[in-house]
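The values are calculated or read from the model by the stated rules, or taken from the named source; none is laboratory data. No experiment lies behind these values; they were computed from the predicted model shown. All Cβ positions, glycine included, derive from the backbone under ideal geometry; neighbour counts span all protein chains shown. The area values use the complete protein model at the heavy-atom level, side chains included, leaving out ligands, DNA and RNA. Shrake-Rupley method; radii C 1.70, N 1.55, O 1.52, S 1.80 Å.
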Amino acid sequence: MMTEIIAINPANPQADRIRRAARIIKQGGTVAFPTETVYGLGANAFDQRACESIFKIKKRPADNPLIVHICSMKQLHDVAEGVGEEILKSARLFWPGPVTLILKKTDAICDAATAGLKTVAVRMPAHPIALKLIEASGVPIAAPSANLSTKPSPTKVDHVLQDLDGKVDMIIDGGDTEFGVESTIIDMTKRPFVLLRPGAFTVEEIEKHIGGIRIPKGINKQLNSGIAIAPGMKYRHYAPKKKLIAVEGRALFLNGVKNLSEQGKIAVLCSNETADRLECKNLEIIRLGSEKNPYEIAKRLFDSFRLLDKTDAGMGIIQTFPERGIGLALMNRITKASYAYVRSEAELKRLQNLIT
Ligand code: AMP
Ligand code: MG
């Protein structure tokens with residue numbers, strides 16, 4: 001398939017280019033577009049065949065539902081049923097923005113978009129290109145992240161091109177995404193509301209607005225916790241191809257770098273502060289930014305996974321961050337992408353024996 005690639009100015013989207021993209025959506029095609037979280041791969045959420053094509057293109061398991069994107073509060077009623085005052089109040093607070101709400105679906109939403117579930121994930125993105133595209137299409141747009149399944153989510157148009165060029169009808173180049181991690185997902189069909197995925201909008205901020213939400217224990221727990229290296233989670237996510245080891249605590253991390261680099265070249269994914277303490281031998285250093293600005297680190301995380309795969313290092317080692325604010329989402333993505341999570345000298349030793 002020939003993929004049309006067009007640049008659109010995110011600050012002031014050109015109307016004629018938006019119309020071209022919208023025509024593809026209306027005709028049942030697929031368009032990759034930027035949002036403030038990551039790039040999305042969109043299709044008409046009312047069109048079963050169009051949504052099925054998203055699954056084929058991404059090689060996404062058929063039971064992993066999509067997020068449906070809307071551009072107005074009016075459109076919310078086209079996709080969700082039983083939207084009362086309580087939900088409207090939350091929606092008005094969070095939208096447009098990086099929060100996805102799980103609600104009861106309408107019949108109009110096709111089964112492919114929700115993977116057969118009676119609930120639908122809905123979000124109004126805060127990105128001019130995304131909003132204009134939905135508006136011009138005249139339909140809600142179902143869009144998971146615009147990467148191949150299991151690959152890191154795309155935060156730059158180059159990532160989308162790497163994964164989807166030749167497989168989708170159009171890719172919109174709208175520059176780098178603002179947050180670099182996916183939306184926060186809240187299940188609003190349960191009381192209290194339940195956090196399903198930490199994301200760009202922090203839990204602290206949500207609780208300030210709508211009171212307490214339930215955070216399932218172990219939401220950030222890696223299945224390979226410690227180093228009992230088992231087959232991955234149900235859906236391994238966000239992962240680089242090379243083995244990535246997460247090591248907790250700066251002293252242990254520096255020790256891990258030293259020991260593992262004695263056995264071959266490794267890539268080190270860390271903050272500027274940690275990088276300044278590394279002795280550079282046999283190391284490929286991928287800086288994530290300053291610890292003073294965890295948003296910057298989140299923004300670079302998925303790119304750093306793709307950079308790791310481009311190095312000639314045998315494996316990657318990544319530091320951990322406090323699970324506060326955006327750090328909860330950051331650590332969620334790091335644990336899910338990691339082959340092992342190391343917390344002690346003993347675990348580090350066991351790991352070394354395992355991988356050498
Ligand atoms: P992605 O856009 O690729 O990050 O994937 C969308 C995420 O939303 C997936 O992790 C889904 O499991 C989640 N999701 C979508 N619809 C629902 C739903 N009805 N109930 C629970 N989770 C959902
Ligand atoms: Mg995804």
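Points to keep in mind about this one:
- Efficiency of FRET from Cβ geometry, K258 and K292, R₀ 25 Å, rounded to 0.05: 0.45
- Cross-link reach list, aspartates and glutamates versus K105, counting only Cα pairs under 14 Å and skipping chain neighbours closer than eight places: D78, E81, D187
- Whole-number D in µm²/s for the range 1-102 (Stokes-Einstein; Kirkwood sum over Cα pairs; 25 °C, 0.890 mPa s): 158
- A 1.4 Å probe, protein heavy atoms only, puts the accessible area of Y341 near 10 Å².
- Think of the range 233-332 as having a plus end and a minus end, set by charges on the Cβ of Lys, Arg, Asp and Glu; of N293, L269, S304, S304 sits farthest toward the positive end of this dipole.
- The chain, accessible surface, carbon-and-sulfur percent (1.4 angstrom probe): 51
- Rounded to whole numbers, the Karplus 3J(HN,Hα) couplings from phi for the range 89-98 are 4, 5, 4, 5, 5, 8, 10, x, x, x Hz, using 6.51 cos²θ - 1.76 cosθ + 1.60 with θ = phi - 60°, and x at Gly and Pro.
- Dimensions of the range 149-223 based on its C-alpha atoms, expressed as ranges along the principal axes with the largest first, amount to 44, 29, 21 Å.
- Using C-alpha pairs under 8 Å with a sequence gap of at least 6, the mean separation divided by the residue count of the chain gives a relative contact order of 19 percent.
- Anisotropy class of the range 14-72 from Cα gyration tensor, a/c 1.5 cut: prolate
- Extension gain for N12 to K26 (0.36 nm times residue separation, less C-alpha to C-alpha distance): 2.8 nm.
- Taking the Kirkwood radius as Rh and the Cα radius of gyration as Rg, the chain has a ratio of Rg/Rh equal to 0.98.
- Relative contact order (percent, whole number), the range 85-128, Cα cutoff 8 Å, 6+ residue spacing: 47
- Remark: the Cα gyration tensor places the range 53-142 in the oblate category, a/c being 1.5 or greater and a/b not exceeding b/c.
- Of K156, K26, the order by accessible heavy-atom surface (1.4 Å probe, DNA, RNA and ligands excluded), from most exposed downward, is K26, K156.
- Shape call, the range 103-155: gyration tensor on alpha carbons, a/c limit 1.5: oblate
- With all protein chains in place and ligands, DNA and RNA left out, the 1.4 Å accessible area ranks R197, R324, R19 as R324, R19, R197, largest first.
- Partners of K56 within straight-line reach, counting lysines whose Cα lies under 20 Å from its Cα and excluding those fewer than 8 residues away in the same chain: K26, K151, K167, K234.
- Loop-resident trypsin sites (Lys or Arg not before Pro) (DSSP state other than H, G, I, E or B) in the range 75-123 with no more than 16 further Cβ atoms inside 10 Å of their Cβ: K118.
- With the whole protein complex present, E345 retains an accessible surface near 80 Å², based on a 1.4 Å probe.
- Karplus (6.51, -1.76, 1.60) ³J(HN,Hα), θ = phi - 60°, over the range 26-42, in Hz, Gly and Pro reported as x: 4, 8, x, x, 10, 10, 8, 9, x, 10, 6, 9, 9, 5, x, 10, x
- Largest to smallest in accessible area, the residues M1, M73, M331 fall in the order M1, M73, M331 (1.4 Å probe, all protein chains included).
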